[in-house]
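Okay, so here's the structure we're looking at.
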Amino acid sequence: MNKSQFIDYIRPHKNFVISLKAIIILFLIFNFFRILFFIYHFNLFNSASGNEIFKSFLIGIRFDFSAIMMLSGLFLILLNLPGKFKFSNYYILFVLSLYFIFIVIGLLIFAGDIYYYDFAKRRLSYEIFNLFKTIPELITIIIKTYLFALIGFVILILLFGYIWYKYVPRTKFKYRYNVLNDILYFIILVGLIFILIRGGFQLKPLRESYAFRGDNLALGHLTLNPVFTVIRTLNRGDIQDYKFLNDNESKKTVRELIKDKNEEFKNDEYPLMRAKYYGLGEKKRMNVVIFVMESWPGDILELENGTAAINFNKLVSKGKYYKLFFSSGQRTIQGIQAIIGSIPNVVYDDILGSPIEQHSLRQLGSILKEVGYQTIFIHGARAGSMGFEAYSKLAGFDKYISKEDFDLSKVQDDGTWGVFDHYVFERANQEFEKINKPFLGFIMSLSSHAPYNLPSKEFEYYDSTVANFKFLNSLRYSDWSLGEFFKQAEKMDYFNNTIFIITADHAEGTREKNIFELFHIPCLIYSPAHIFQGVDSSVHSQVDILPTVLDILQVEAVHSSFGKSMLSDENTFAFFSTGNLFGWVRDKWLLVGDYEKNIGLYDIINDKDLYVNRLDDNINVGSIMRKEVMAYIQTAVQLLKYNKVYKIVK
């Protein structure tokens, strides 16, 4: 073999060089967006050292190459298939054009993630697949709020397209086809794709938890990229089984957590199924109204010295307020499923469209219908928004009121989501007065959602000198709407025999928050004639609302909730999750972790800002709490995956 032949064997061919150029360009783009993310969220890294930030960028290279190969693998293989045909300019242009479309989708994910992080404080993930339910609203928000960012993104795409088509296909050297060279570089490429996607030669493939190295979660998110986190959720149709503990031990631990004194478990195969017993006596046939206030945060009573929610403050003084109450997730549908179905956020963010929607669940509307309640779900958005209409039917609601049920010549639309809250709440009162009693009413507000439109300038209470003034004005308006609702309701016949529960779907995300504040939301049970007044410091979450309603009404029904009644202040807990992270709250302790390790342990009574990680000082507490939360996750996942939540008894 002469020197010329040897060079022909080892020299990369034209398409392999094109592939390398594409990878390098994508790598530069990924890092451009990481830098942009860092600059846009710079205040999150004030306490981090330069070395920690550099390390986040350095480790991020591993995640970038993994995501690049996930995004590019198919197209790189098409460019490097053995055979002379691949060198055709038309073929190369065709593959690069398909490749370009997918890259643009990836860049769109990057751009959206920068702003999404403001609300979720984590990278985009599975929720991106639910955007199709709210495309009209999403487009409206982008045009109204992020128009300049959209223009900048379009310019970026045009610039990228110019570089992509002008420089990527261009090569300077001539290549003589050699079949062995062709096969060699195809094997090299496939091996490279495989190794980079799995993140190296380690035992387990690269995953999100590898990005987190301490209790500063923002540094972990800086390491990650949204293309990686989104693509990693494409296999979410197959729920992973978790074996943190022996199955029997796991179920026993969960039963000890959720059982109330007046309950009895009914079926070992369905370990959550339990019946409530109240003995002799007249049962309470009271109406139930549940308000879910859009994005209301847990510190609502203190916001702007109490001026942001004056009416809610008045209600709190006459009701039972739970000051350590938490949302299940960070999206509205996660909150709704937790409140109505007592379903924690452990598998799918939206059971609609997932295998679970076909399962036998035990949701509040269905339970109360069985004992003679009428059920109604009211939301001022369009009927298909967020899938609520379909979910309400699944959850046992007879009637669904949406934007289409309002006379739009008499009510005002906010231009994005739907009818302003005070019109919706007024309609709710009308429906509640005429519906057959007893009834369950569920009201989902929408006005305190971005872009925070207001019905008139009279509600512009705060100006731009106040931080987060747009959200605060929308919150103050929704609070005013709530006050107007109760002014009307108190004059109606149904009021005195009604239990009102006021909570939120999730906390708002426009202010900087730690993980405690991200999930801390208000919860008030209001019925002055029936409910003891005061402030309750026990820990609870949205999954506790269903068993609480049954407890208040003394309904002797079989239920399968993942929570326990808030009338019990013993052995209480709260679970919430975001992406690959979870929080587990017991007494004064908040444990933050992922499925592989504990990350932080905080005293939320004395350290709500989570300044001091107490994990090393309280190893035993962290160990006990981890066993509990792992048992909770494992059991919940298994029951939801294998349809073992509830068994219909005929």
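State yes or no: is L93 assigned by TED's automatic domain parsing to the domain that holds I128, under 30 Å from the mean Cα position of the chain (by Cα) and either part of a helix (DSSP H, G or I) or free of Cβ contacts under 8 Å to residues at least 24 places away in the same chain (or both)?
Criteria not met by L93.
Residues in segment 229-247: is at least one more than 24 Å from the chain's Cα centre (by Cα) and not in a loop (DSSP other than H, G, I, E, B)?
Looking through segment 229-247, at least one residue is more than 24 Å from the chain's Cα centre (by Cα) and not in a loop (DSSP other than H, G, I, E, B).
If I go through segment 584-612 residue by residue, how many of them are in contact with an Asp or Glu (Cβ under 8 Å, 6 or more places away or on another chain) and surrounded by fewer than 17 Cβ atoms within 10 Å (Cβ to Cβ)?
Adding up the residues that qualify gives 3.
In segment 225-280, how many residues are closer than 30 Å to F37 by Cα and surrounded by 11 or more Cβ atoms within 10 Å (Cβ to Cβ)?
Of the residues in that region, 10 qualify.
When you go through S88, S56 one by one, which is the residue that is more than 30 Å from A381 (Cα to Cα) and either without any contact (Cβ under 8 Å) to a residue 24 or more places away in the chain or surrounded by fewer than 17 Cβ atoms within 10 Å (Cβ to Cβ) (or both)?
S88
Here are the criteria: (1) of a type outside the set (A, V, I, L, M); (2) part of a helix (DSSP H, G or I); (3) surrounded by 21 or more Cβ atoms within 10 Å (Cβ to Cβ); (4) within 28 Å of the chain's Cα centre (by Cα). Tell me which single one F432 does not satisfy.
Going through the list (1) of a type outside the set (A, V, I, L, M); (2) part of a helix (DSSP H, G or I); (3) surrounded by 21 or more Cβ atoms within 10 Å (Cβ to Cβ); (4) within 28 Å of the chain's Cα centre (by Cα), F432 breaks only (4).
Every residue, every condition in (1) over 25 Å from the mean Cα position of the chain (by Cα); (2) under 30 Å from V230 (Cβ atoms), yes or no:
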{"residue": "I545", "(1), (2)": "no, no"}
{"residue": "L550", "(1), (2)": "yes, no"}
{"residue": "M566", "(1), (2)": "no, no"}
{"residue": "S577", "(1), (2)": "no, yes"}
{"residue": "G600", "(1), (2)": "no, yes"}
{"residue": "Y611", "(1), (2)": "no, no"}
{"residue": "I633", "(1), (2)": "no, yes"}
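Every residue in segment 360-375 that is surrounded by fewer than 22 Cβ atoms within 10 Å (Cβ to Cβ) and in contact with a Lys or Arg (Cβ under 7 Å, 6 or more places away or on another chain), please.
Selection gives S360 alone.
Quickly run through segment 507-526 and pick out the residues that are modelled with pLDDT of 95 or more and either among the polar types (S, T, N, Q) or assigned to a loop (DSSP other than H, G, I, E, B) (or both).
P522
Take the residues of segment 621-645 that are among the polar types (S, T, N, Q) and closer than 23 Å to H559 by Cα: which is surrounded by the most Cβ atoms within 10 Å (Cβ to Cβ)?
Applying the filter and picking the extreme gives T635.
Yes/no per residue for (1) outside the structural domain of K261 (by TED's automatic domain parsing); (2) among the hydroxyl-bearing types (S, T, Y); (3) within 30 Å of K369 (Cα to Cα); (4) not in a helix (DSSP H, G or I):
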| position | (1), (2), (3), (4) |
| --- | --- |
| M566 | no, no, yes, yes |
| G600 | no, no, no, yes |
| I605 | no, no, no, yes |
| G622 | no, no, no, no |
| M625 | no, no, no, no |
| Q634 | no, no, no, no |
| Y646 | yes, yes, yes, yes |
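For residues that are part of a loop (DSSP other than H, G, I, E, B) and surrounded by fewer than 22 Cβ atoms within 10 Å (Cβ to Cβ), tally how many sit in segment 477-506.
Going through segment 477-506 one residue at a time, the tally reaches 5.
The rows are residues; the columns are (1) more than 18 Å from K564 (Cβ to Cβ); (2) not in a strand (DSSP E or B); (3) not assigned by TED's automatic domain parsing to the domain that holds T375.
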| position | (1), (2), (3) |
| --- | --- |
| K261 | no, yes, no |
| P271 | no, yes, no |
| I300 | yes, yes, no |
| N305 | yes, yes, no |
| A308 | yes, yes, no |
| F312 | yes, yes, no |
| F325 | no, no, no |
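Going by the conditions given, is F63 crowded, with 21+ Cβ neighbours inside 10 Å and in contact (Cβ under 8 Å) with a residue 60 or more places away in the chain?
yes
Results for (1) farther than 20 Å from R511 by Cα; (2) surrounded by fewer than 22 Cβ atoms within 10 Å (Cβ to Cβ), shown as yes or no for each residue.
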| position | (1), (2) |
| --- | --- |
| M293 | no, no |
| W296 | no, no |
| L303 | no, yes |
| T307 | no, yes |
| K320 | yes, yes |
| F326 | no, no |
| I333 | yes, no |
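Write out, first by first residue and then by second, each pair whose Cβ atoms fall under 9 Å of each other, whose residues are 6+ apart or on separate chains, and whose first residue, in segment 1-30, is farther than 18 Å from V104 by Cβ while the second is at pLDDT below 75 and in a helix (DSSP H, G or I).
From residues that are farther than 18 Å from V104 by Cβ, the pairs are M1/Y9.
For residues in segment 368-381 being of a type outside the set (S, T, N, Q) and outside any loop (DSSP other than H, G, I, E, B), which is nearest to K434 (Cα to Cα)?
I376
Name every residue in segment 382-424 that is more than 26 Å from the chain's Cα centre (by Cα) and either assigned to a helix (DSSP H, G or I) or farther than 29 Å from S456 by Cβ (or both), in order of residue number.
Passing the criteria: D398, K399, E404, D405, H422, Y423.
Just to be sure I understand, how many residues within segment 611-632 are out of contact with any helix residue (DSSP H, G or I) (no Cβ under 6 Å at 6 or more places or on another chain), touching a residue at least 60 places away in the same chain (Cβ under 8 Å) and not charged (D, E, K, R)?
Within segment 611-632, residues that are out of contact with any helix residue (DSSP H, G or I) (no Cβ under 6 Å at 6 or more places or on another chain), touching a residue at least 60 places away in the same chain (Cβ under 8 Å) and not charged (D, E, K, R) number 2.
Across segment 119-152, what is the number of residues that are modelled with pLDDT of 75 or more, of a type in the set (F, W, Y) and in a helix (DSSP H, G or I)?
Residues that pass the stated criteria total 1.
Return yes or no: is S72 part of a helix (DSSP H, G or I), assigned by TED's automatic domain parsing to the domain that holds I197, of a type in the set (S, T, Y) and loosely packed, with under 14 Cβ neighbours inside 10 Å?
no
The values are calculated or read from the model by the stated rules, or taken from the named source; none is laboratory data. Just so it is clear, the model here is predicted, and its values are computed rather than measured. Heads up, the Cβs are rebuilt from the backbone with ideal geometry, glycines too, and the neighbour counts pull from every protein chain shown.
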